[in-house]
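The values are calculated or read from the model by the stated rules, or taken from the named source; none is laboratory data. Since this is a predicted model, take the numbers as computed values, not measurements. Here Cβ is always computed from backbone atoms with ideal geometry, including for glycine, and neighbour counts include all displayed protein chains. Ligands, DNA and RNA are stripped out before the accessible areas are found, and what is left, the full protein with its side chains, is counted by its heavy atoms. Shrake-Rupley method; radii C 1.70, N 1.55, O 1.52, S 1.80 Å.
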Amino acid sequence: MRLTTPGNLRLQQSRELSVNYGGSEANVAISVANFGGQVDYVTRLPENPLGEACIAELRSHNIGTDHILTGGKRLGTYYMEKAAAMRNSRVIYDREGSSFSELEPGMINRKEIFSDAGLFHWSGIDAALTPGLAEVCREAVETAREMGISVSYDINYRKNLWKYGKTAQEVLRPLIASSDIMFGSEGEYAMLFGLKAPGFKATSAADRYDTAAYETFCGALLYAQSAWTDNQKRVDFSTAASVLKNTISGDYNMVKVSEVEELMARNGKGTSSHVSYFICA
């Protein structure tokens, strides 16, 4: 649950906060579902009105919720101040002791859930919270590989969450080796592998990286991975979807395949064919 200050107010100024449910994996799941993919979401939520609100939000975007576990006492939250002019956005995490953070290996019946899956998507933020969650991620990736299911991975590095004595490099590198598709920002690739991206040259004070776009690119590319066999068309579809997402307020990519294809057609691109099944966690 994200609690955001209205307008450009700082937390010290605000007397009210807007509430949104979601996160990186939810953004990917909703994007794929909007394109027509079949998506099931796997997580653990408290059995209270906040957990119910999360499930209702996912269902409203045609996300399968049958495999969501309930238990624990609280929903993970974070507080956010929006960026304004030269001031960066600010995030304060409050996830310790959340229902999700208390997940342990063996609690999720992966083989049953993966029985009809074509792809499993996960992100590094899941492994950042506790050693138990890191093992849950390992268990999920290994089960998917054993069952012949493709694995998609979003680095999704949040340095403020790694507090249990192991570095992201120690935990994530072995898991990355078992993933077929990987997403990440320039800084994340540099952090994990020491790969430095070309420098960014600003042309005005307003120029800055669109970090949210990395997550938005993600769902479209997963859809394109199953809809196209030609790599260039996959990139074309994903890029066009990302362009359209940047015209929409909020976290979710609320565009349809027909809208992306219309934009592609302006540049002489083709149309997609079929959609596989996806599992997001």
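Structural remarks
- Heavy atoms of Ser115 accessible to a 1.4 Å probe, total area in Å² rounded to 10: 70
- Looking at the chain, the DSSP beta bridges with both ends there are about 30 percent antiparallel.
- Solvent-accessible surface of protein heavy atoms, probed at 1.4 angstrom with all chains present, puts Thr65, Thr247 in the order Thr247, Thr65, largest first.
- Percent carbon-and-sulfur accessible area, the chain, ignoring ligands, DNA and RNA, probe 1.4 Å: 49
- The trypsin sites (Lys or Arg not before Pro) found in the stretch 30-114 include none that occupy coil by DSSP while having at most 10 further C-beta atoms within 10 Å.
- A cut-off under 14 angstrom between Cβ atoms defines the neighbours of Leu58, and their net charge, with Lys, Arg +1 and Asp, Glu -1, is -4.
- With a Cα cut-off of under 20 Å and a minimum spacing of 8 residues unless on different chains, the lysine pairs in the chain number 9.
- Computed on the chain, the Cα convex hull volume stands at 144 Å³ per residue.
- Accessible area expressed per residue, the chain, with surrounding protein chains retained (probe 1.4 Å, Å²): 51
- Cβ-placed point charges (K, R +1; D, E -1), dipole of the stretch 1-154 about Cα centre in debye, nearest 20: 720
- Using distinct alpha-carbon pairs, which all enter the 1/r mean, Kirkwood radius of the stretch 56-209 in Å: 17.7
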